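Contents: one structure, followed by commentary.
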Amino acid sequence: MKEVPSDAVTPSHILMLRSGMIRKLASGIYEWLPLGKKALNRVEKVIRDLHDVEGCLEVLLPALLPKSLWEQTGRWGEYGAELMRLKDRQGREFCLAPTHEEAITELAGNYIKSYKDLPKTFYQIQTKYRDEIRPRFGVMRAREFIMKDAYSFDADEQGAGLSYDRMFALYKKICAALSLEAVPVIAKTGLIGGTKSHEFMAPSDEGEEELVYCGCGWGANQELAYSKISSVKEEPLPLEEVSTPGVRTVEEVSAFLKLPAEKFIKTLIYRTADGFACVLVRGDHSADPAKLRSIIGDDARLADEKEIEEITGGPLGFSGPVGLKIKAYADNTIKYGCNMVSGANKKDAHIKNINCPRDFQAEFMNIRTVKAGDPCPECGKPLVVARGIEIGHTFYLGTKYSEKLKASFTDKAGKDLPIVMGCYGIGVSRIVAALISQNHDDKGIIWPRGMAPYQIEIIAASSTGPAMEKAEEIYKALAEKYEVLFDDRDVSAGIKFKDADLIGIPVRIVLGPRGMKTGECEIQSRADGKTEAVKLDKLLEKISDFT
Ligand code: ATP
Ligand code: MG
């Protein structure tokens, strides 16, 4: 595709359209074209093979599921507008499944009867439907997409914990086998539910989420991230009001009082659904919007100047926690501060030497945005902050679904118990895009070896004559051993080279008129541009070094 539509803004989306991997049929609904389907197959195969080796059993469940099943877990109501609902000719209701906890639990419950049938893990690679509010970035956030979803069934919590850990390890192995850089982070559980959960995040500027991670293996999404807090060891001093005429911001007061920003408490007053509340963060920190939302609610907004005057008795810029009569939420770091400074709730005044709980009370929580370089909570080394694409998600479910769907088994003592479950999803189609987002340059895709739609591309510089004939001969010979793409179009060499860069097949064999005279061709590597002249009669031997 030469002219990419303006709604394609991310590199992976643009490259997938330009290289003809996918075509948009409707918003969030894509067709996989030959080159794209090849890449998708590669990803599927890696995932399928490794699940099989792990002893997971492949099934294929219907995408079309009856409402009754979803009513038993209460999710027909809970799921909201993201669930694609439809009726058959008799008026019976169905949904196009966004995930399969209900279906697999109902199925497993019918076959698993005794502790002897456990543990078991089932998986499928299948099309999912979600009516996303904002489908975007091509197959990255689509309304119809391919997911690998797996579900583990165990007799007790300990067994389910082991199954979880095994799947977690399997996901790491899969990412490595896909040549996909991904970090597991602790995550929220959302609509799937359950208690323990990790997301596998692929670092990429295209990512919709911010992730925080460390080389030691610790990681969290920004909405849950925290860092190591060191406490300040000082003698607490008595409170002291200081005159600060006209200085309001942390920078201004910090310069005026000659104290570092970390000594300050920023006091933000919000109007929430339950009345006014204040949020306290250190002067050198900022409150994270997602963390804030989960504390004070989605509808909370900053108080205006008039409201601040009414509540604190002082003007905007001079608020502080001492003497404030509203609910206070403070970031955990403040608990460990000593002799801090904040507004005095009156014009042109601040208070020094604030210490909690002596001078104010608050509920301490994780509120601040973690920044790059902050110390890792596990090992103390500097944390990395990056954008990330969620490519997989693991959940420890417990008995949430098995209880509601009556999936139980008889234990050794003859007692009837609900099966303990976990569920594990990988975005198969999203991974194709994520791989491209991590592997491209301004000319096009650079497929990691092993993940490319084809291993080798053959280009003859002219479309007719001896080079072309030789190219066809080589194609036939190589195709027995490799997956080979032969550009036999009647177009100029320049166009072939440009398209080859765009498509990004790792190894390219080029036959030109000059080489025909010397009996040579060129082997080129897409990743580093390295080129080697090779005698045609040595090509079959040589090419194995490149693939
Ligand atoms: P997101 O937060 O990106 O919406 P999710 O938490 O809703 O993802 P899960 O329900 O955990 O996703 O689904 C498992 C995997 O399926 C995700 O990790 C992701 O890789 C993939 N996935 C989810 N929604 C989509 C979508 N709309 N398009 C493509 N892949 C998706
Ligand atoms: Mg989602």
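The values are calculated or read from the model by the stated rules, or taken from the named source; none is laboratory data. Owing to the predicted nature of the structure, the values given are computational and were not obtained by experimental measurement. Cβ atoms come from the backbone with ideal geometry, glycine included; neighbour counts cover every protein chain shown. These area figures cover heavy atoms from the full protein model, side chains too; ligands, DNA and RNA do not enter into them. Shrake-Rupley method; radii C 1.70, N 1.55, O 1.52, S 1.80 Å.
Out of Ala290, Ala255, Ala261, Ala187, I need the residue that is within 16 Å of ligand 2 (Cβ to nearest atom) and closer than 30 Å to Leu316 by Cα. Which one?
Ala290
Using beta carbons and a limit of 7 Å, which pairs, at least six apart or on different chains, have the first residue in the stretch 349-365 and closer than 15 Å to Glu235 by Cα and assigned by TED's automatic domain parsing to the domain that holds Ala287 and the second one among the β-branched types (Val, Ile, Thr) and assigned to a strand (DSSP E or B)?
From residues that are closer than 15 Å to Glu235 by Cα and assigned by TED's automatic domain parsing to the domain that holds Ala287, the pairs are Lys352/Val242; Lys352/Val341; Ile354/Ile265; Ile354/Val341.
Run Thr99 past the list (1) within 14 Å of ligand 2 (Cβ to nearest atom); (2) part of a strand (DSSP E or B) and report the number of the one that doesn't hold.
Condition not satisfied by Thr99: (2).
I'd like to check something: does the stretch 435-443 contain any residue that is open to solvent by 20 Å² or more (accessible area, probe 1.4 Å), in a helix (DSSP H, G or I), polar (S, T, N, Q) and over 16 Å from Leu35 (Cα atoms)? Break it down stepwise before answering.
From the stretch 435-443, those open to solvent by 20 Å² or more (accessible area, probe 1.4 Å) are 438-443; that's our starting set.
Now narrow it down to the ones that are in a helix (DSSP H, G or I): 438.
Now narrow it down to the ones that are polar (S, T, N, Q): 438.
With over 16 Å from Leu35 (Cα atoms) added as a condition, the list becomes 438.
Yes, some residue in the stretch 435-443 is open to solvent by 20 Å² or more (accessible area, probe 1.4 Å), in a helix (DSSP H, G or I), polar (S, T, N, Q) and over 16 Å from Leu35 (Cα atoms).
One residue is enough: does the stretch 90-100 have a residue meeting the conditions open to solvent by less than 30 Å² (accessible area, probe 1.4 Å), free of Cβ contacts under 8 Å to residues at least 60 places away in the same chain and either closer than 17 Å to Pro418 by Cβ or away from ligand 1 (no atom under 14 Å from the Cβ) (or both)? It would help to see each step written out before you state the result.
Residues of the stretch 90-100 open to solvent by less than 30 Å² (accessible area, probe 1.4 Å): 95, 97-100.
Filter once more, keeping what is free of Cβ contacts under 8 Å to residues at least 60 places away in the same chain: 95, 97-98, 100.
This time we only want the ones that are either closer than 17 Å to Pro418 by Cβ or away from ligand 1 (no atom under 14 Å from the Cβ) (or both), so: 95.
Yes, there is a match, as at least one residue in the stretch 90-100 is open to solvent by less than 30 Å² (accessible area, probe 1.4 Å), free of Cβ contacts under 8 Å to residues at least 60 places away in the same chain and either closer than 17 Å to Pro418 by Cβ or away from ligand 1 (no atom under 14 Å from the Cβ) (or both).
Does Ile436 satisfy the condition of being under 30 Å from Trp218 (Cα atoms) and within 16 Å of ligand 2 (Cβ to nearest atom)?
Details: under 30 Å from Trp218 (Cα atoms): yes; within 16 Å of ligand 2 (Cβ to nearest atom): no.
Answer is no for this residue.
Of the residues that make up the stretch 478-489, is at least one part of a strand (DSSP E or B) and either in the same structural domain as Ala142 (by TED's automatic domain parsing) or open to solvent by less than 20 Å² (accessible area, probe 1.4 Å) (or both)? First the steps, then the outcome.
Our first condition is that a residue be part of a strand (DSSP E or B); within the stretch 478-489, this holds for 484-487.
Pick out the ones that are also either in the same structural domain as Ala142 (by TED's automatic domain parsing) or open to solvent by less than 20 Å² (accessible area, probe 1.4 Å) (or both) and you get 484, 487.
Within the stretch 478-489, one or more residues are part of a strand (DSSP E or B) and either in the same structural domain as Ala142 (by TED's automatic domain parsing) or open to solvent by less than 20 Å² (accessible area, probe 1.4 Å) (or both).
Looking only at the stretch 220-246, which residues are open to solvent by less than 80 Å² (accessible area, probe 1.4 Å) and in contact with a His (Cβ under 8 Å, 6 or more places away or on another chain)?
Val242, Thr244, listed by residue number.
Of all residues being open to solvent by less than 10 Å² (accessible area, probe 1.4 Å) and closer than 18 Å to Gln158 by Cβ in the stretch 399-419, which is nearest to ligand 2 (Cβ to nearest atom)? Just the residue, please. Steps first, answer last, please.
Restricting attention to the stretch 399-419, the residues satisfying the condition of being open to solvent by less than 10 Å² (accessible area, probe 1.4 Å) are 401-402, 407, 409, 419.
Pick out the ones that are also closer than 18 Å to Gln158 by Cβ and you get 402, 409, 419.
On the way: Ser402: 24, Phe409: 32, Ile419: 26 Å.
Selected residue: Ser402.
Residue by residue, here is whether (1) buried (at least 20 other Cβ atoms within 10 Å of the Cβ); (2) closer than 17 Å to Glu31 by Cβ; (3) away from ligand 2 (no atom under 15 Å from the Cβ); (4) hydroxyl-bearing (Ser, Thr, Tyr) holds:
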{"position": "Lys128", "(1), (2), (3), (4)": "yes, yes, no, no"}
{"position": "Ala150", "(1), (2), (3), (4)": "yes, no, yes, no"}
{"position": "Asp154", "(1), (2), (3), (4)": "yes, no, yes, no"}
{"position": "Leu162", "(1), (2), (3), (4)": "no, no, yes, no"}
{"position": "Asp165", "(1), (2), (3), (4)": "no, no, yes, no"}
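For the subset of the stretch 496-520 comprising residues that are out of contact with any Lys or Arg (no Cβ under 8 Å at 6 or more places or on another chain) and among the hydrophobic types (A, V, I, L, M, F, W, C), which member is surrounded by the fewest Cβ atoms within 10 Å (Cβ to Cβ)?
This residue is Phe497.
Mind listing just one residue for me: the one in the stretch 295-328 that is more than 24 Å from Ile354 (Cα to Cα), charged (D, E, K, R) and not in a loop (DSSP other than H, G, I, E, B) and, of those, nearest to the chain's Cα centre (by Cα)?
Per the stated criteria, the residue is Arg301.
Quick test for you: out of Glu132, Glu181, pick the one residue that is among the charged types (D, E, K, R), away from ligand 1 (no atom under 13 Å from the Cβ) and assigned to a loop (DSSP other than H, G, I, E, B). Outline the logic, then answer.
Numbers: Glu132 fails: away from ligand 1 (no atom under 13 Å from the Cβ).
When all the criteria are applied, what remains is Glu181.
Does the stretch 374-385 contain at least one residue that is touching a Cys at 6+ places or on another chain (Cβ under 9 Å), assigned by TED's automatic domain parsing to the domain that holds Ser254 and in contact (Cβ under 8 Å) with a residue 12 or more places away in the chain?
Looking for residues that are touching a Cys at 6+ places or on another chain (Cβ under 9 Å), assigned by TED's automatic domain parsing to the domain that holds Ser254 and in contact (Cβ under 8 Å) with a residue 12 or more places away in the chain, one finds none in the stretch 374-385, hence no.
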